[in-house]
1. At what distance in nm do the modelled label points of E133 and T6 sit from each other, each positioned 7 Å from its Cα along Cα→Cβ?
2. Could you list the GluC sites (Glu not before Pro) in region 174-235 that lie in coil according to DSSP, counting only those with at most 11 other Cβ atoms within 10 Å of their Cβ?
3. Under a straight-distance cross-link criterion of Cα-Cα below 30 Å, which lysines are reachable from K212, leaving out those fewer than 8 residues away in the same chain?
4. Report, by chain and number, residues whose modeled amide H sits under 5 Å from the one on E107, excluding near sequence neighbours (fewer than 5 apart, same chain).
5. For a label point 7 angstrom out from the Cα of E97 toward its Cβ, which stretches of region 10-27 have the backbone nitrogen within less than 20 Å?
6. Expected output is a single nm value to one decimal: the length gained when fully extending between T268 and R370, i.e. 0.36 nm times separation in residues minus the C-alpha distance. What is it?
7. Going by amide H atoms built from the backbone, whose H comes under 5 Å of the H on Y215, apart from near neighbours?
8. For region 347-420, run through the GluC sites (Glu not before Pro) and keep only the ones in DSSP coil with at most 10 other Cβ atoms within 10 Å of their Cβ.
Amino acid sequence: MIDLRTLREDPDRLRASQRVRGEDDSVVETLLSLDERRRAALNNFESLRAEQKSIGKSVSRASGDERQALLDRAKELAAQVKSAETEAAALANELDELLMTVPNIVEEGAPAGGEDDYVVLEEVGEKPVFDFEPRDHVELGELLGAIDIERGAKVSGARFFFLTGVGARLQLGLLNMAMQQAIEAGFTPMITPVLVKPESMQGTGFHVAHDKEIYRLPEDDLYLVGTSEVPLAAYHSDEILNARALPLRYAGWSSCFRREAGSYGKDTRGIIRVHQFDKVEMFSYCRPEDSHEEHLRLLAWEKEMLEKVELPYRVIDTAAGDLGTSAARKYDCEAWIPSQGRYRELTSTSNCTDFQARRLKVRYRDEENRPHHVATLNGTLATTRWIVAILENHQQADGSVVVPKALRPYVGLDVLEPLSR
């Protein structure tokens, strides 16, 4: 949720943000009008309420006609106070509902435009050159006995799969290595719930009534998370944190669920775009003035993990129109996928500034004991999709796959061998 004070003092900042996102900037005028009307209604209510209290005190000291006049006025005021209170509450509710639909203000420097208007910041590593026809991850997964898509579809439907044998070992090793890196960097490891209340989902920035990507359990009014960012963001909701403890950093391991409602016909082969996967997610609470540097730290930790698994990748600065509701700035790391001849996203890190904290009421007290909202940030450290890039980039002519050196202690193997051997 954006800051009303910022809106009043610098409405052009929100207008500019809306424009670079490709959103309607007329919402600024609507918000300002609603805010002005709400404050006027609140002032009217408080003025009438003060008069009502004053008359109440005067009645006991009055007598005769004066007392009756005061009683008559008190009766009139009671109706006016109730009406004014109702009007102020209705305008406040209308303002809050509109505010919940407005995305975060984009950080200065983020590219304008949509999904294809990202800026490539750097490319790291050499793309593999094969002296044989490389296989894709589906064929490799079948040869290795690592991925069973056919039985996944039989049991659960399209976009489900089993990780079997070395496939399961590869994912467990990868996520354990990610968690160990996070712990060594000072993160607190967390195993998070995958079902959350609607207020947790909405507080993080998702529109539960309109987001077709979210799985919902209507009988329980609970939602399956698409990322552990959601329970980690809500972990400190309605709390005031110790300023001296900031930044607070958590690494959440969870299964993640996405309906992929808008992806009909996209990535139907393999495990790139699926309904269920596992992920280790970094999450940080810090002072807003420190969030830019914290964002770069999260990106650096993502790059460290990618280099450990020896993948060629690039870093992109995501365009404003592709940021999502909560993010003010987002960097993606995309690994080279040989079978597709292009880069695909493996990690994403977002600076959500104080947007989520305002919705979830997460604050800290400064040195003068004044409360402020924290900033929240998130970043992927490893996920199931990485298996695609690892298998394809480290494959050999016979269908075996070399396990990256840093990953070997976690997988327990140097090479993944085809089942036929």
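Derivation of every value follows stated rules applied to the coordinates shown; laboratory data play no part. If you're wondering where the values come from, they're calculated on a predicted model, not measured in any experiment. Note that each Cβ is placed from the backbone with ideal geometry, even for glycine, and that neighbours are counted across all protein chains shown.
1. 5.4 nm
2. Details: sites: E184, E199, E213, E219, E229; in loops: E213, E219.
Counting only loop positions with at most 11 other Cβ atoms within 10 Å, the GluC sites (Glu not before Pro) in region 174-235 are E219.
3. Within the straight-line limit of under 30 Å, K212 reaches these lysines: K154, K197, K266, K279, K330, K361.
4. R329
5. Hits in region 10-27 for E97 at 20 Å: 24, 26-27.
6. Result: 31.5 nm gained on full extension.
7. L224, R259
8. E367, E368
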